[in-house]
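The values are calculated or read from the model by the stated rules, or taken from the named source; none is laboratory data. These numbers were taken from a predicted model, which means no experiment stands behind them. Note that each Cβ is placed from the backbone with ideal geometry, even for glycine, and that neighbours are counted across all protein chains shown. The protein model used for the area step is the full one, side chains on, heavy atoms only, and it has no ligands, DNA or RNA in it. Shrake-Rupley method; radii C 1.70, N 1.55, O 1.52, S 1.80 Å.
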Amino acid sequence: MATFLSVLLLLLTGVYAYFTYRILRANQQTVAAMREQTEQERRFRIREHFLAGIAAIAQYDIASPGCEQALRLLDYYSSLALDSKDPELLHILNTVMTAEVRKKIEEIQEQKQEIYVSVVAARSRIQELLKTHHMQRKGRLPK
């Protein structure tokens, strides 16, 4: 009788361990899915915030091309784009840089001024990305 109860206890413990393991695996998959969803939402919110800022830059630049407020905002959003390491944000940033803004950035670079550092860095990074993209299109670099 004691042997039977020991075997029964061993079987119940095994079944309990098996189901506990299955629950643990299901929970790990759920947590991984929730983390992925959270990351996707975070990227969406960053992009949403970024696009709102780009719209504000465009409005300032339309009202007064190359104005200081547009450059200050551009500097802030340039730092966000560089920190995110998302090349798509740099491409979006490039679309709002008008000829007047680019001219001011070039003047800052030539005079080696320590203002709008993020804008200057972003502009340099954008130029590198564009050069690489054009080289790839011409078949000179692997994709």
**Asked** In this structure, is Glu41 open to solvent by 90 Å² or more (accessible area, probe 1.4 Å) and at pLDDT below 90?
**Response** no
**Message:** I need every pair where a residue in the stretch 106-131 that is closer than 19 Å to Gln69 by Cβ has its Cβ under 6 Å from the Cβ of a residue that is among the hydroxyl-bearing types (Ser, Thr, Tyr) and assigned to a loop (DSSP other than H, G, I, E, B), sequence separation at least 6 or different chains.
**Reply:** Ile108/Tyr116
**Prompt:** Do any residues in the stretch 49-64 that are touching a residue at least 24 places away in the same chain (Cβ under 8 Å) and closer than 15 Å to Ala99 by Cβ have Cβ atoms under 6 Å from those of residues that are assigned to a loop (DSSP other than H, G, I, E, B) and open to solvent by 30 Å² or more (accessible area, probe 1.4 Å), where the two are at least six apart or on different chains, and which pairs are they?
**Reply:** Asp61/Thr98
**Prompt:** What's the number of the condition Phe19 fails, among (1) part of a helix (DSSP H, G or I); (2) under 30 Å from Lys131 (Cα atoms); (3) open to solvent by 50 Å² or more (accessible area, probe 1.4 Å)?
**Reply:** (2)
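Quick check, is Leu130 under 20 Å from Arg47 (Cβ atoms) and part of a helix (DSSP H, G or I)?
Values: under 20 Å from Arg47 (Cβ atoms): no; part of a helix (DSSP H, G or I): yes.
In short, no.
Please enumerate the residues belonging to the stretch 24-38 that are open to solvent by less than 100 Å² (accessible area, probe 1.4 Å) and not polar (S, T, N, Q).
Within the stretch 24-38, the subset open to solvent by less than 100 Å² (accessible area, probe 1.4 Å) is 24, 26-28, 30-33, 36, 38.
Those that are open to solvent by less than 100 Å² (accessible area, probe 1.4 Å) and not polar (S, T, N, Q): Leu24, Ala26, Val31, Ala32, Ala33, Glu36.
Do we have Ala26 as assigned to a helix (DSSP H, G or I), of a type in the set (Gly, Ala, Ser) and free of Cβ contacts under 8 Å to residues at least 24 places away in the same chain here? Steps first, please.
Numbers: assigned to a helix (DSSP H, G or I): yes; of a type in the set (Gly, Ala, Ser): yes; free of Cβ contacts under 8 Å to residues at least 24 places away in the same chain: yes.
Yes; evaluated as a whole, the condition is true for this residue.
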**Asked** Here is a list of conditions, (1) of a type outside the set (Ser, Thr, Tyr); (2) open to solvent by 80 Å² or more (accessible area, probe 1.4 Å); (3) in contact with a Ser or Thr (Cβ under 7 Å, 6 or more places away or on another chain), and His49 meets all of them except one; can you say which number that is?
**Response** (3)
